Amino acid sequence: MIFYFSATGNSAWVAHRLASLTDDTAYDIITLHTLPNLQTAKQIGFVFPVYAWGAPEIMATFAKKLPKGNTFAFGVCTCGEDAGLTMKQFAKLYPLDSSYSLIMPNNYIIGSDTDSKEVISSKLTLARKELAQIAQEIQQQKRTYRVHEGSLAGIKSHLANFGFNRFARSTKPFFVTEACNGCGLCEKNCPASAISMKKGNPLWNLQCYQCMGCINQCPQQAIQYGKSTIGRHRYTIQPYLPKEEQF
């Protein structure tokens with residue numbers, strides 16, 4: 001059983017690829033209303049993006065509440081470059097036998113523009129090769145820690161992550177342009193239930209996960225985050241996947 005959280009599809013794709021390669025099932029924790037029987041699991045996996053060198057709150061909360069057992073457990077975090085101490089901290093919530101980090105295309109357009117199409121394609125090609133090896137090691141139940149922590153990992157995963165969760169998850173900079181057609185997709189897909197439609201326009205609660213789902217998935221590209229996202233591209237993984245890898 002592989003549990004995942006994903007906003008723009010990177011971690012969802014990784015989870016579904018691993019499920020396919022290991023003859024397993026991937027579960028989106030956002031839409032998971034009933035927990036499957038963990039006693040039948042041959043392995044338990046977690047796949048999620050790195051948010052400011054830490055696990056997303058929603059995945060951390062899920063893992064903390066999940067019943068512990070003796071089943072082989074692994075975790076894969078997707079990131080733009082380094083993961084800091086993300087997996088070591090996560091393993092304190094749910095003990096892991098193996099941990100990995102995997103570089104995926106950039107979707108945090110608040111910080112910088114998306115990767116070019118060429119870079120996205122290259123990253124996905126490398127990720128496929130890495131996932132094949134990860135899947136093999138999972139099937140062998142090999143204990144592995146292959147995480148690119150990067151420099152100043154402790155400072156990033158403690159101080160920077162604390163600052164992100166305390167101050168950077170504000171929704172105040174979110175706004176919509178006249179391009180918004182009131183489709184409500186952002187409200188429907190928000191994992192934090194932080195968006196509500198009022199008079200045909202989305203309104204944000206005070207805080208969200210900063211998953212970038214609403215801004216990247218908006219069909220009209222009508223959602224902006226202050227001035228930083230104006231003129232930048234949007235990213236979701238589906239347009240870059242062949243038919244057999246769609247999920």
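Coordinate-derived values only; no laboratory data. In this text, all values refer to a predicted model and were calculated from it rather than measured experimentally. Glycine gets a Cβ as well: all are built from the backbone with ideal geometry, and neighbour counts include every protein chain shown.
Give, as ranges by residue number, the residues of segment 204-227 whose backbone N falls under 11 Å from the point 7 Å along Cα→Cβ of residue 196. Correct set: 204-206. When only the Cβ of Lys, Arg, Asp and Glu is charged (+1, +1, -1, -1), the dipole of the chain relative to its Cα centre reaches about 520 debye.
Ranked by the mean number of other Cβ atoms within 10 Å of their residues, highest first, the peptides 223-229, 175-181 come out as 223-229, 175-181. Rounded to the nearest whole Hz, the Karplus-based 3J(HN,Hα) values (6.51 cos²θ - 1.76 cosθ + 1.60, θ = phi - 60°) of segment 156-161 follow the sequence 5, 7, 9, 5, 5, 5, with x at glycine and proline.
Projecting label points 7 angstrom from Cα along Cα→Cβ for residue 31 and residue 92 puts them 3.4 nm apart. Spin-label model, residue 151 to residue 240: label points 7 Å out along the Cα-to-beta-carbon direction sit 2.6 nm apart. Over all other residues within a Cβ to Cβ distance under 15 Å of residue 63, the charged ones net out to +2, with Lys and Arg as +1 and Asp and Glu as -1. When you restrict to C-alpha pairs under 8 Å that are six or more residues apart and normalise by the size of the chain, the relative contact order lands at 21 percent. Name all residues of segment 168-190 having a backbone nitrogen under 12 Å from the label point set 7 Å from the Cα of residue 220 along its Cα→Cβ direction, giving them as ranges. Residues 176-186 fall inside that zone.
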